[in-house]
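Peer 1: Structure incoming, see below.
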Amino acid sequence: MIRTLKPGATEAEKTEADRKVRQTVESILEDIGARGDAAVRDLSKKFDNWEPPAFRLRPDEIQSLMNSLPDQVITDIKFAQTQIRRFAQAQKDALRDIEVETLPGIRLGHKNIPVNSVGCYVPGGRYPMVASAHMSVLTAKVAGVPRVAACTPPLNGVPPAATVAAMSLGGADEIYLLGGIQAVAAMGLGTATIPQVDMLVGPGNAFVAEAKRQLFGRVGIDLLAGPTETLIIADDTADAEMCATDLLGQAEHGPTSPAILLTTSKKIAETIQAEIDRQLTVLPTADIASVAWRDYGQIILCDTDEELVSEADRIASEHVQVLTANPRWFLDRMTNYGALFLGKETNVAYGDKVIGTNHTLPTKRAARYTGGLWVGKFLKTVTYQQVSPEATAMIGEYCSRLCAIENFAGHKEQADLRVRRY
């Protein structure tokens with residue numbers, strides 16, 4: 001039996017919050033669509049108190065910011081990017097163009113072509129997410145994208161040097177000091193100073209995610225990456241300290257970040273709240289993490305491992321940590337997750353920052369139908385065909401009859417012309 005010991009926010013509460021975000025974003029996109037750079041500048045001043053002569057950083061400004069960083073910071077950024085590049089390249093190598101002769105004289109194929117331009121959003125604010133530059137900019141470049149533009153907000157009125165360094169080292173062709181809806185809209189709609197991109201990628205808060213959703217169609221997007229989610233699957237071999245640490249480690253992202261404990265251990269289920277309370281007394285980000293846990297945290301107690309799997313697949317969380325005796329048992333059976341972290345030795349922070357897998361992942365149960373950002377997201381798999389004269393005379397007769405069934409006279413004539421001519 002599955003029992004929810006601590007419920008999170010209701011669906012009605014989440015829907016109302018989404019409605020308010022949707023209305024705000026819609027009005028801002030309309031303003032930027034109508035006024036372009038002037039609206040972007042007004043919004044940047046309003047939300048970030050940032051109104052520079054130009055939002056795009058010059059090469060000498062980028063180099064100056066990089067020079068301001070300690071050598072160890074640059075070394076660590078390069079180490080992380082090496083891991084991410086290595087895995088992204090391995091993923092790309094697994095993809096291949098194909099061409100096959102399906103019938104004599106009929107050749108069909110597909111090619112994997114990078115999109116021509118990508119806009120990468122790298123969140124800032126309280127948490128300048130340096131790692132998001134690796135995940136988006138670098139991965140796009142591994143895919144072969146010719147033009148990569150990257151935006152990140154200023155940090156307390158100054159450029160975030162480490163984020164800019166990560167963007168530059170990752171291969172960004174353009175770097176803009178611009179944040180929030182206005183950054184996503186500027187790249188997605190295009191302005192006089194920021195050329196439109198073909199695709200928008202990167203995580204962000206609820207407003208950034210909604211801006212991407214509303215722009216989808218005019219440009220492509222990676223996925224709707226909303227507030228961070230984490231799910232801990234634990235059995236009696238786990239302990240409350242590690243479970244609480246890993247729950248709060250993601251709850252600190254924001255006050256609406258769901259953190260869920262799913263366990264077959266009655267002991268952990270009954271002691272986790274006390275351990276969370278203890279850790280919140282010393283966690284520097286407790287002001288955020290405590291609110292997320294209070295409003296969106298859940299404790300769910302199951303009787304069997306099979307119930308853990310079914311409930312985890314129902315939740316379809318962005319991050320799923322498996323703290324059990326046999327974590328690969330869950331790898332073999334689970335189907336709905338953004339990323340799995342198997343065993344007590346690993347954790348979501350490794351995936352977020354350094355280990356090589358991408359941290360831009362599906363939220364709000366989107367893991368039911370999509371995976372996260374990866375090198376393949378930047379590639380269009382497009383098909384082609386080429387037919388010999390003998391083959392077109394043969395296939396054309398089939399096509400003609402099939403078109404007649406559907407009453408497509410023009411289609412039928414396309415086939416009939418080839419049959420008559422060849």
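Peer 1: Taking the structure as given and computing Kirkwood radius over Cα pairs in Å, which label from (i) 23.7; (ii) 30.5; (iii) 24.6 fits?
Peer 2: (i)
Peer 1: As a test of the formula, what do you get for the chain when each DSSP H run with n ≥ 4 contributes -39,500 (n - 2.57) and the sum is divided by the residue count, at 222 nm and rounded to the nearest 500 deg cm²/dmol?
Peer 2: Taken over the chain, the calculation gives -14500 deg cm²/dmol.
Peer 1: For a Förster distance of 25 Å, can you work out the FRET efficiency between the beta-carbons of GLU270 and THR15, rounded to the nearest 0.05?
Peer 2: Step by step, r from the Cβ atoms, then E = 0.20.
Peer 1: Next question. Would you list which aspartates and glutamates come within 16 Å of LYS412, measuring only between C-alpha atoms, while excluding same-chain residues fewer than 8 positions from it?
Peer 2: GLU397
Peer 1: Lysines within cross-link reach of LYS353: Cα-Cα under 26 Å, excluding same-chain residues under 8 positions apart?
Peer 2: LYS78, LYS92, LYS141, LYS212, LYS344, LYS364, LYS377
Peer 1: How tilted is helix 71-93 with respect to the longest principal axis of the chain? Cα atoms for both, answer in degrees (0 to 90, nearest 10).
Peer 2: 40 degrees
Peer 1: Give me the distance in nm between label points sitting 7 Å out from Cα along the Cα-to-Cβ direction at THR75 and ILE405, one decimal.
Peer 2: 6.8 nm
Peer 1: Treating the angle as unsigned and between 0 and 90°, give the value, to the nearest 10°, between the Cα long axis of helix 389-405 and the longest Cα principal axis of the chain.
Peer 2: Tilt relative to the chain: about 70 degrees.
Peer 1: Which cross-chain or sequence-distant (5 or more) residues have an amide H under 5 Å from the amide H of ILE194, H modelled 1.01 Å from N in plane?
Peer 2: none
Peer 1: Between LEU5 and residues 5 or more places away or on another chain, which pairs have amide H atoms under 5 Å apart, with H built 1.01 Å from N, and which residues are they?
Peer 2: Close amide H contacts, sequence-distant or interchain: ILE299, ILE300, LEU301.
Peer 1: A further question follows. Compute the separation of the alpha-carbon centres of the stretch 126-201 and the stretch 345-361 and state it in Å as a whole number.
Peer 2: After rounding, the separation between the Cα centres reads 20 Å.
Peer 1: Here is a follow-up. Could you please report the charge total around SER400, scoring K, R as +1 and D, E as -1 over all other residues with beta-carbon less than 10 angstrom from its beta-carbon?
Peer 2: 0
Peer 1: When only Cα pairs under 8 Å and 6 or more residues apart are kept, what is the percent relative contact order across the stretch 307-370?
Peer 2: RCO, the stretch 307-370: 39 percent.
Peer 1: I want the local charge near GLY371. Using Cβ-Cβ distances under 13 Å, sum +1 for each Lys or Arg and -1 for each Asp or Glu among the other residues.
Peer 2: Taking every other residue near GLY371 into account, the sum is 0.
Peer 1: If you don't mind, there's one more thing I want to ask. List the residues, sorted by chain then number, that are 5 or more residues from LEU231 or on another chain and whose placed amide H is less than 5 Å from its amide H.
Peer 2: The answer is ILE260, HIS319, VAL320, GLN321.
Peer 1: Within the accessible area of the chain, what % is carbon and sulfur when the probe is 1.4 Å and the other protein chains stay in place?
Peer 2: Roughly 54 percent, rounded to a whole number.
Peer 1: Under the Karplus relation 6.51 cos²θ - 1.76 cosθ + 1.60, θ = phi - 60°, what is the ordered set of whole-Hz ³J(HN,Hα) values for the stretch 108-121, x standing for Gly and Pro?
Peer 2: For the stretch 108-121, the Karplus-derived couplings read 10, x, 9, 10, 9, 10, x, 5, 7, 8, 9, x, 9, 9 Hz, x marking Gly and Pro.
Peer 1: Given points 7 Å out from each Cα along the Cα-Cβ axis, report the ASP236 to TRP329 separation in nanometres with one decimal.
Peer 2: If labels sit at ASP236 and TRP329, their model points lie 1.2 nm apart.
Peer 1: Taking only C-alpha pairs under 8 Å that are 6+ residues apart, what is the relative contact order of the stretch 349-422 in percent?
Peer 2: After rounding, I find 21 percent.
Peer 1: If contacts are Cα pairs under 8 angstrom and at least 6 residues apart, what is the relative contact order of the chain in percent?
Peer 2: The normalised contact order for the chain reaches 19 percent.
Peer 1: Local charge sum around GLY36 (other residues, Cβ-Cβ under 13 Å, Lys/Arg +1, Asp/Glu -1)?
Peer 2: Net local charge, GLY36 excluded: -2.
Peer 1: Sticking with this structure for a sec: Tell me the label-point distance for the pair ARG96, SER388, using the 7 Å Cα-to-Cβ offset, in nm and rounded to one decimal.
Peer 2: 2.4 nm
Peer 1: Give the accessible surface of the chain per residue, rounded to a whole number of Å², with probe radius 1.4 Å and ligands, DNA and RNA excluded.
Peer 2: Averaged over the residues of the chain, the accessible area is 48 Å².
Peer 1: Would you please give the FRET efficiency between GLN196 and ASP287, computed as 1/(1 + (r/R0)^6) with r the Cβ-Cβ distance and R0 = 35 Å, to the nearest 0.05?
Peer 2: After rounding, the FRET efficiency stands at 0.35.
The values are calculated or read from the model by the stated rules, or taken from the named source; none is laboratory data. Only a predicted model underlies this, so the values are computations on that prediction, with no experimental measurement involved. Virtual Cβ from ideal backbone geometry, glycine too; neighbours counted across all protein chains shown. Surface areas here come from the heavy atoms of the whole protein model, side chains and all, with no ligands, DNA or RNA. Shrake-Rupley method; radii C 1.70, N 1.55, O 1.52, S 1.80 Å.
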